[in-house]
Amino acid sequence: MSSVRKVYHMRVTEIIDHTPTVRELVLKTETPEEFTFKAGQFVMLNVPQGEAKPILRAYSIASDDRIKDGFRLLFKFVENGVASTFVWALKGGELLNFTGPFGKVFFQEPPTEQIVFLNTGTGLSQHICYLLSKKEQYPHLRYRMLFGVRSEKDMYYEKEMEALMKELPDFKFEFVLSRPGADWKGKKGYVQNFISEFDYKNIPTTFYLCGNGGMIKEVKHQLLEIDGFDKTRVWSEAFD
């Protein structure tokens with residue numbers, strides 16, 4: 001797919017605040033009327049700077065790639081960040097400019113028997129895109145996902161994950177909390193601490209990693225340097 005730097009004008013049709021620091025924008029195309037991308041790709045938000053040249057920030061698309069009239073994006077708030085300041089000031093109805101799509105971290109086909117998604121923060125966006133785009137084509141794969149956040153107040157997308165687990169017969173999803181409260185009964189620590197649970201030495205597996213660069217580095221070290229895992233079955237995108 002070409003990464004021609006065409007400018008797309010997108011209307012903000014909905015704003016969803018999942019947590020105090022995670023905001024989702026639902027965007028619809030205005031001109032051109034169609035936006036075509038491939039699951040796993042990202043766009044560049046053109047952040048206005050008055051009369052100066054816009055500042056560009058990259059965001060992975062978090063929606064089904066079969067939809068051609070818009071997409072969803074997840075944003076993580078960064079204190080004093082140029083893009084965060086702009087996005088958190090939006091009220092809905094604004095026209096935003098994007099360039100793209102970009103990126104080559106695609107869902108690998110034909111897929112392996114097991115697909116493992118490891119993500120942190122808004123790295124979830126890329127993996128949601130894969131699942132929504134491929135769930136009907138590959139409904140019977142063994143899908144596993146660990147989503148790392150800091151604490152209970154940082155958890156989001158629970159309902160969306162529950163819906164996917166109902167649609168996909170072998171999809172399992174769990175949060176991993178690095179700083180949970182005393183009553184938390186789920187996984188504690190970091191997603192990279194739990195990869196041995198996936199039995200990837202015996203089950204043909206592809207790993208998709210998205211989010212914190214430290215997490216990605218540790219997982220790759222374990223898989224590639226210690227276990228000698230096939231590097232063509234480890235795909236990653238760092239969000240730092």
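The values are calculated or read from the model by the stated rules, or taken from the named source; none is laboratory data. Keep in mind it's a predicted model, so treat the numbers as computed, not measured. Cβ placement follows ideal geometry from the backbone for every residue including glycine, while neighbour counts extend to all protein chains displayed.
Checked against (1) within 30 Å of residue 207 (Cα to Cα); (2) without any contact (Cβ under 8 Å) to a residue 60 or more places away in the chain, residue 41 passes all but condition (2). Among the residues making up region 121-164, a single one is of a type in the set (A, V, I, L, M), without any contact (Cβ under 8 Å) to a residue 24 or more places away in the chain and more than 23 Å from residue 20 (Cβ to Cβ): 163. Within this structure, residue 188 passes the test of being surrounded by fewer than 18 Cβ atoms within 10 Å (Cβ to Cβ), within 24 Å of residue 76 (Cα to Cα) and not aromatic (Phe, Trp, Tyr).
So, of the residues in region 227-240 that are surrounded by fewer than 13 Cβ atoms within 10 Å (Cβ to Cβ) and within 19 Å of residue 114 (Cβ to Cβ), which turns out to be farthest from the chain's Cα centre (by Cα)? Here the answer is 228.
When we screen 229, 207, 173 for residues that are over 23 Å from residue 122 (Cβ atoms) and either in contact with a helix residue (DSSP H, G or I) (Cβ under 8 Å, 6 or more places away or on another chain) or not hydrophobic (A, V, I, L, M, F, W, C) (or both), the only hit is 229.
Scanning region 27-79 for residues that are among the polar types (S, T, N, Q) and at pLDDT below 95 turns up 31, 49. Going through region 154-178 one residue at a time, which ones are in contact with a strand residue (DSSP E or B) (Cβ under 9 Å, 6 or more places away or on another chain) and loosely packed, with under 12 Cβ neighbours inside 10 Å? Once the filter is applied, which keeps residues that are in contact with a strand residue (DSSP E or B) (Cβ under 9 Å, 6 or more places away or on another chain) and loosely packed, with under 12 Cβ neighbours inside 10 Å, region 154-178 yields only 162. Within region 49-72, the set of residues being of a type outside the set (Lys, Arg), free of Cβ contacts under 8 Å to residues at least 60 places away in the same chain and in contact with a helix residue (DSSP H, G or I) (Cβ under 7 Å, 6 or more places away or on another chain) comprises 55 only.
Within region 13-24, at least one residue is surrounded by fewer than 14 Cβ atoms within 10 Å (Cβ to Cβ), in a strand (DSSP E or B), touching a residue at least 24 places away in the same chain (Cβ under 8 Å) and of a type outside the set (Val, Ile, Thr). Scanning region 81-103 for residues that are assigned to a loop (DSSP other than H, G, I, E, B) and either touching a residue at least 12 places away in the same chain (Cβ under 8 Å) or hydroxyl-bearing (Ser, Thr, Tyr) (or both) gives 88, 90, 91, 92, 93, 94, 103. Would you check if residue 194 is of a type in the set (Phe, Trp, Tyr), surrounded by fewer than 20 Cβ atoms within 10 Å (Cβ to Cβ) and in contact with a Leu (Cβ under 8 Å, 6 or more places away or on another chain)? Spelling it out, residue 194 is indeed of a type in the set (Phe, Trp, Tyr), surrounded by fewer than 20 Cβ atoms within 10 Å (Cβ to Cβ) and in contact with a Leu (Cβ under 8 Å, 6 or more places away or on another chain).
Scanning region 150-172 for residues that are in contact with a Gly (Cβ under 7 Å, 6 or more places away or on another chain) and not acidic (Asp, Glu) gives a single hit, 151.
Condition check ((1) assigned to a strand (DSSP E or B); (2) of a type in the set (D, E, K, R)) across all residues:
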{"residue": "145", "(1), (2)": "yes, no"}
{"residue": "156", "(1), (2)": "no, no"}
{"residue": "159", "(1), (2)": "no, yes"}
{"residue": "162", "(1), (2)": "no, yes"}
{"residue": "174", "(1), (2)": "yes, yes"}
{"residue": "182", "(1), (2)": "no, no"}
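Residues of region 79-115 that are loosely packed, with under 12 Cβ neighbours inside 10 Å and either more than 22 Å from residue 210 (Cβ to Cβ) or β-branched (Val, Ile, Thr) (or both): 79, 80, 89, 91, 92, 93, 95.
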